[in-house]
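**Q** Below is one structure. I have some questions about it.
The numbers here are math on the coordinates, done by the rules we state, and not lab data. None of the values given here were measured: they were computed from a predicted structure. All Cβ positions, even for glycine, are placed from backbone atoms using ideal geometry, and neighbour counts span all protein chains on display.
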Amino acid sequence: MKIKEEKEQLEKMIMNSSDKIGTEMPSPAAELKMEPAFDTDFNEVQKECEKKAKKLIHNATGLMLTDELIKNNPYLKNKMQVDIISLTSILYQLSVNETMQKALMEEVRSGSLHPRNFEVFAQLTKVIGEIGKQVIQTTEAIKGTYRDLKNDIREKNQDMAMLTESGLTKNSKGILTVGSKDLINETKKLKMQANNIQDVQEIKE
């Protein structure tokens, strides 16, 4: 077949072809779109982790600090909020890694037996174990901190009670002052001592 005949044949094929050629192909976006491997609301996960953090801290400090004491002490209240944020972050990392581990297990179960999957699984298992230990260590550290704070607050209250009983008070600037009752008593004592002093006159021979 000559070149001229081949050209004519190709032209006939193009003329007789459907007008829909090129329009029936799927779009690249449809091909790249992937179904989610797991259905997880990470905002809800964050909220659940915060609830767990509050419960862990409350269980660790409930026997040492009352809600009223925390409410009336700005330092304790602020510190507890910071500790809740810190523990929430650790629990969130633990939950996310556990979710990734489950997704990887589902992928392997579906038939994806690539060696890399098993390597990543081992790494995630190690990370999850380390985070679990971190949760325990952080909880125990928080418990010890609040135990020390409780002792400090108790000693401070005892010191203030002793100052109050002795008639000494502390003003807003932290300066100790003597109460008016003690000041009057001391003044009376000085007057009584002065009255008991007798004038000594020179004896002439």
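**Q** Strictly over 24 Å apart at the Cα level, which of Lys77/Lys126; Lys102/Lys143; Lys47/Lys133; Lys47/Lys102; Lys52/Lys143 would you flag in this model?
**A** Over 24 Å apart, Cα to Cα: Lys77/Lys126; Lys102/Lys143.
**Q** Here's something else I'd like to know. Extension gain Val108-Glu5, at 0.36 nm per residue separation less the Cα-Cα distance, in nm?
**A** 31.4 nm
**Q** Hey, what's the per residue convex hull volume over the C-alpha atoms of the range 41-169, in cubic angstrom?
**A** Roughly 101 Å³ of hull volume per residue.
**Q** Okay, moving on. Please compute P(r) over all alpha-carbon pairs of the range 86-139, binned at 5 Å starting from zero, and give each bin as a whole-number percent.
**A** For the range 86-139, the binned pair fractions read 4, 20, 27, 19, 14, 9, 6, 2, 0 percent.
**Q** If the label point is 7 Å along Cα→Cβ of Asp148, which residues in the range 52-87 have backbone nitrogen under 16 Å from it?
**A** 76, 79-80, 83
**Q** Using 1/(1 + (r/R0)^6) with R0 = 25 angstrom and r between the beta carbons of Lys54 and Phe121, what's the FRET efficiency to the nearest 0.05?
**A** Working: r = 32 Å, r/R0 = 1.28.
Here the calculated transfer efficiency is 0.20.
**Q** Could you please report the charge total around Ile142, scoring K, R as +1 and D, E as -1 over all other residues with beta-carbon less than 14 angstrom from its beta-carbon?
**A** So the surrounding residues net to +4.
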